[in-house]
Amino acid sequence: MNPIAIRLLSQQLVAPQFSDPAEVVSYMGAMQAQEYRMMRWAVAMRTRRPSAKAFKRAFDNGRIIRLHLMRGTWQLVSAEEYWMMIGLCAPKAIAVTKGWMSSNKISIPDEELMRVRDILARRAADLGSATKEDLVRALAEKDIRMDDHRLSYHIRMAEMSGTLCSGELLPMKATYALAADKVKPMAKMDKDEALIRFTRKYFQSRQPKRQRLSQGDCALGRFHPR
């Protein structure tokens, strides 16, 4: 078969299998979500009947989560894979973020990091879905003021720690919710099992040609996702 046709099928860009936007995100494993408006279309176009309303329902209900995950960029993941993805990707993402902070001559002591994280988490829990402006006000109430750049690093670190995740979908503005309230807790997954699951998702949705992967291949790192 034509490898281009196979890739289009694997990507769900022709003959999509799913009606539910959350199922699309789960099938893909993770989807780039840097552009706030286009992320909705990237998911919807892979469903049988594209619907912005269906995407919003899945997002607002916490079945689709948006957070900084791989390479320090925004990603969409399904709620059922959220905790697994945090476990797999957060250590590398945190290291990358700290490298950016260092290059920008920003240093955040652990004491500040934990204090600010607690304030952000409390405000997100109180509101259910908090904008960045809400978080700024919460910090100001504690006599903490910082520029937008520094606050963005705090929010990103809170995301990668599994404290904050996406809140309700607003037209042009990110919101944040307490991850423990938004996403069901899951039993901790063995790292090798998580890698196997992630690798299978990667190749089923992005392979240029069909091939079967054994658990041994995944566990041995022959197809380790980058």
Mind checking the angle between helix 191-206 and the chain's longest principal axis? C-alpha axes, 0 to 90 degrees, to the nearest 10.
60
Please find the FRET efficiency linking residue 111 to residue 137, where r is the Cβ-Cβ separation and R0 is fixed at 25 Å, and quote it to the nearest 0.05.
0.70
Taking the Cα atoms only, what angle lies between the long axis of helix 148-160 and the longest principal axis of the chain, rounded to 10 degrees?
50
Report the semi-axes of the equivalent ellipsoid for segment 11-94 in whole Å, largest first, where each axis is √(5λ) for an eigenvalue λ of the Cα gyration tensor.
22, 12, 12
Using Cα-Cα distances under 8 Å and only pairs 6 or more residues apart, what relative contact order does the chain have, in percent?
23
Where labels lie 7 Å past Cα in the beta-carbon direction, separation of residue 45 and residue 174 in nm:
2.3
Taking θ = phi - 60°, what integer Hz values does the Karplus form 6.51 cos²θ - 1.76 cosθ + 1.60 yield along segment 17-23, in sequence order, with x for Gly and Pro?
8, 10, 9, 9, x, 5, 5
When the charge dipole of segment 146-187 is computed with +1 at the Cβ of Lys and Arg and -1 at the Cβ of Asp and Glu, the Cα pointing farthest to the positive end, of 152, 187, 172, is that of 187
For residue 176, which sequence-distant residues (separation of 5 or more, or a different chain) have an amide H within less than 5 Å of its own amide H, given hydrogens modelled in the peptide plane?
130, 131, 167
Measure nothing but the geometry: give the 0 to 90° angle between the long axis through the Cα atoms of 110-127 and the longest principal axis through the Cα atoms of the chain, rounded to 10°.
80
Relative contact order as a percentage, segment 42-91, C-alpha pairs under 8 Å and 6+ apart, gives 24
The number of Lys pairs in the chain whose alpha carbons lie under 22 Å apart, excluding pairs fewer than 8 residues apart on one chain, is 19
Using DSSP, restrict attention to beta bridges with both residues in segment 1-92 and report what percent are antiparallel, rounded to the nearest 5.
90
Relative contact order as a percentage, segment 27-155, C-alpha pairs under 8 Å and 6+ apart, gives 18
For the chain, state what percent of all Cα-Cα pairs lands in each successive 10 Å bin, counting from 0 Å until the bin that includes the largest distance.
8, 30, 34, 20, 7, 1, 0
So, over other residues within a Cβ distance under 11 Å of residue 96, counting Lys, Arg +1 and Asp, Glu -1, the net charge is +4
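Readers should treat all values here as calculations from the given coordinates under stated rules, not as data from a laboratory. Just so we're clear, the structure is a prediction, and the values are computed from it rather than from any experiment. With ideal geometry, Cβ positions are generated from the backbone for all residues, glycine too; neighbour counts draw on all protein chains shown.
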